[in-house]
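Everything on this sheet refers to the single structure shown next.
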Amino acid sequence: MSLDNHSVGIVAPRRFCCDAPIPLKGGGQLPSFELVFETYGTLNAARSNAVLVCHALSGSHHVAGVYADTPYSEGWWDNLVGPGKPLDTEKFFVVGVNNLGGCHGSTGPLSPNPETGRRYGADFPLITVEDWVLAQSRLADHLGIDTWAAVIGGSLGGMQAIAWSLRFPERIRHAIAIASAPNLSAQNIAFNEVARQAILSDPDFYGGHYASRGIVPTRGLRLARMIGHITYLSDDQMNEKFGRELRGGEPSFSYDIDFEIESYLRHQGDKFAGFFDANTYLLATKALDYFDPADACDGDLARALRPARASFLVVSFTTDWRFSPARSREIVFALTQNRRRVAYAEIDCAAGHDSFLLDDAHYHAVLRAYLENIKT
Amino acid sequence: MTPIRPRGTPPRPLTPKERERFDFAVIADWIPVGRHVLDLGCGDGRLLGYLSETRSITGYGVEIDHESVLRCIRNGIDVIQIDIEGGLSGFEDGSFSHAIISQALQAMHSTERILGEMLRVADEAIVSFPNFAYRVNRAAIAAGHMPVSEDLPYEWYDTPNVRFFTIVDFEALCAKLGIAIRERLAFDVYGQPVTDDPNLNGSLAFYRLGRP
């Protein structure tokens, strides 16, 4: 396997065990929890160069680099994070963390419930974006990071950056929210609900206790991912990539795979169902649905963002219809009303919501420019 | 305002760099220290940078061009990438002390709307533009050509400008829109203030506008 010179190279996850209970926004608490995380670069003596990368729905702590002896194991934001890359690990100490309720090693529905000794499954509590931020703050304490130079994320990750600026205004100097939104629209929630129903109605779901039976609700997960994928791409890009191409050249006049797009969606669904946990998917889509900082302020986002002290970079993509530029502008104008520092770039990129994961030259130039100006 | 050249220097047209500094200085002169401003069509954000250094202002630039937005971010300017032609609806009434449009109004289509929006979001609007009726431009037209001059430096086929207007025209529009002209300055290409027939002798015009 060949690594480019700008890769962080071989990495290994670490584990943080928090023995203090964590109260949850939805009520109740977890008596203790564990988070898996990775770090890249070096924390400077002043501890002023730490950047937290927050993952979206299906991401993880594995942001950059590769695992030893594992082909194709590049982190999900490897094109952004590394020495000389826009989020430069020669300047910054970058932290990636798998969120609470996740399925990549952090405490979640697949973990044993200390009260029963069996896996939590459906008994794992619903977790909110604010709970994730609180758990991340415990990790920051553990790593000796008092203040993040920046918290950055795309989509649901951007919501965590916003939530950080509100929950811990003094602990975050810059918030970078990419392809994000101040809350989900009814249409967004509708897509999430279809995805959830796909999982909940899978006969292999067993009320969320499939794992203790050694079963995976594969069909539900596949469908959930397929519908998600449709919303992550733009109409134009899907047409450009797949058009009406037929796999076999001729229509089969059956329900087998005819169109390339069918093949692509099934492939994405299968891949996802092979590694992702259904309960985590349910929980994370609910976290998305419930995120709404303005709710506590009668829907007044500007009032909700008043506690924020961070400088913001907000980025959106013209073809993103899942989290459209108009949603990012709501964040921007709520910040300008509070006279907070904010820069906003609307990137011309054909790839829809997924653009935030790509290495579009202008997009990366914008991130690089902003990150270069952050003092450490 | 600080003179650009020491007295007694033989007059020569200002270089583009001097002209920019001159433009900035005129605008800065109209903005008291510590105000909150909005710069429309802010380019690479240099004017905001200058105002923040010399006047300790806060505020935002608005720009549509991708490369300019990138340069703003590089320059540490709080730029917001939106299309001014669509209005400024994201900004609250009276949220700025000054809304500035420096030599960019002539490149916008929705002139009336933009002027109205500037005075909605700010207490005062500062507008600068090249005067199309400047004598050099008139001479070019008289000779049968579209003018190309220091303040209108583009050939007709590659100009970003879409509205060509004069000092007289602009003031008529202000009257029509009920906009109060609080102060006007006109300068020739040497950077000298013009009081005698500015519509003929002024190459660049600056206005401080308000609601009556």
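The values are calculated or read from the model by the stated rules, or taken from the named source; none is laboratory data. Keep in mind it's a predicted model, so treat the numbers as computed, not measured. So basically every Cβ, Gly included, is an ideal-geometry build from the backbone, and we count neighbours across all protein chains shown.
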Restricting attention to segment A:280-295, the residues that are under 16 Å from the mean Cα position of the chain (by Cα), part of a helix (DSSP H, G or I) and of a type outside the set (Ser, Thr, Tyr) number exactly 7
When (1) more than 29 Å from A:Tyr206 (Cβ to Cβ); (2) buried (at least 19 other Cβ atoms within 10 Å of the Cβ) are applied to A:Glu90, the one that fails is (2)
Which ones in segment B:36-88 are among the hydroxyl-bearing types (Ser, Thr, Tyr) and at the interface with chain A (Cβ under 10 Å from one of its Cβ atoms)?
-> B:Thr58, B:Tyr60
Return the residue satisfying two criteria in turn: it lies in segment B:191-212 and is among the hydroxyl-bearing types (Ser, Thr, Tyr) and not in a strand (DSSP E or B), and of such residues it is nearest to B:Pro153 (Cα to Cα).
-> B:Ser203
Mind listing just one residue for me: the one in segment A:348-362 that is more than 10 Å from every other protein chain (Cβ to nearest Cβ) and assigned to a helix (DSSP H, G or I) and, of those, surrounded by the fewest Cβ atoms within 10 Å (Cβ to Cβ)?
-> A:Ala361
Is it the case that A:Phe205 is more than 22 Å from the chain's Cα centre (by Cα) and touching a residue at least 40 places away in the same chain (Cβ under 8 Å)?
-> yes
Specify which of the listed residues (A:Arg322, A:Arg327, A:Arg340) is within 22 Å of the chain's Cα centre (by Cα), within 14 Å of chain B (Cβ to nearest Cβ) and of a type in the set (D, E, K, R).
-> A:Arg327
Unique match (being in contact (Cβ under 8 Å) with a residue 60 or more places away in the chain, among the β-branched types (Val, Ile, Thr) and in a helix (DSSP H, G or I)) among A:Ile176, A:Ile127, A:Ile145, A:Ile162 | A:Ile162
On the given criteria, is A:Tyr370 within 9 Å of another protein chain (Cβ to nearest Cβ) and in contact (Cβ under 8 Å) with a residue 60 or more places away in the chain?
-> yes
How many of the residues making up segment A:200-242 are loosely packed, with under 15 Cβ neighbours inside 10 Å, over 21 Å from A:Thr318 (Cβ atoms) and out of contact with any Phe, Trp or Tyr (no Cβ under 9 Å at 6 or more places or on another chain)?
-> 4
Hey, any hits in segment A:288-303 for a residue that's within 18 Å of A:Arg225 (Cβ to Cβ) and of a type outside the set (Val, Ile, Thr)?
-> yes
Name, by its number, the condition in (1) more than 8 Å from every other protein chain (Cβ to nearest Cβ); (2) part of a loop (DSSP other than H, G, I, E, B); (3) within 22 Å of B:His36 (Cα to Cα) that does not hold for A:Val314.
-> (2)
Would you kindly identify the strands (runs of 3 or more DSSP E) lying entirely within segment A:1-68 that contain at least 3 residues that are among the basic types (Lys, Arg), at pLDDT 95 or above and under 27 Å from A:Ala287 (Cβ atoms)?
-> none
In segment B:89-110, anything within 12 Å of chain A (Cβ to nearest Cβ), without any contact (Cβ under 8 Å) to a residue 40 or more places away in the chain and either over 19 Å from A:Ser316 (Cα atoms) or touching a Lys or Arg at 6+ places or on another chain (Cβ under 9 Å) (or both) is listed as B:Gly90, B:Glu92, B:Asp93, B:Gly94
Flag for A:Ala345 being buried (at least 23 other Cβ atoms within 10 Å of the Cβ), touching a residue at least 24 places away in the same chain (Cβ under 8 Å), facing chain B (nearest Cβ under 9 Å) and closer than 30 Å to B:His36 by Cβ = yes
Only one of (1) under 25 Å from A:Ser155 (Cα atoms); (2) of a type in the set (Gly, Ala, Ser); (3) loosely packed, with under 13 Cβ neighbours inside 10 Å fails for A:Ala46. Which number is that?
-> (1)
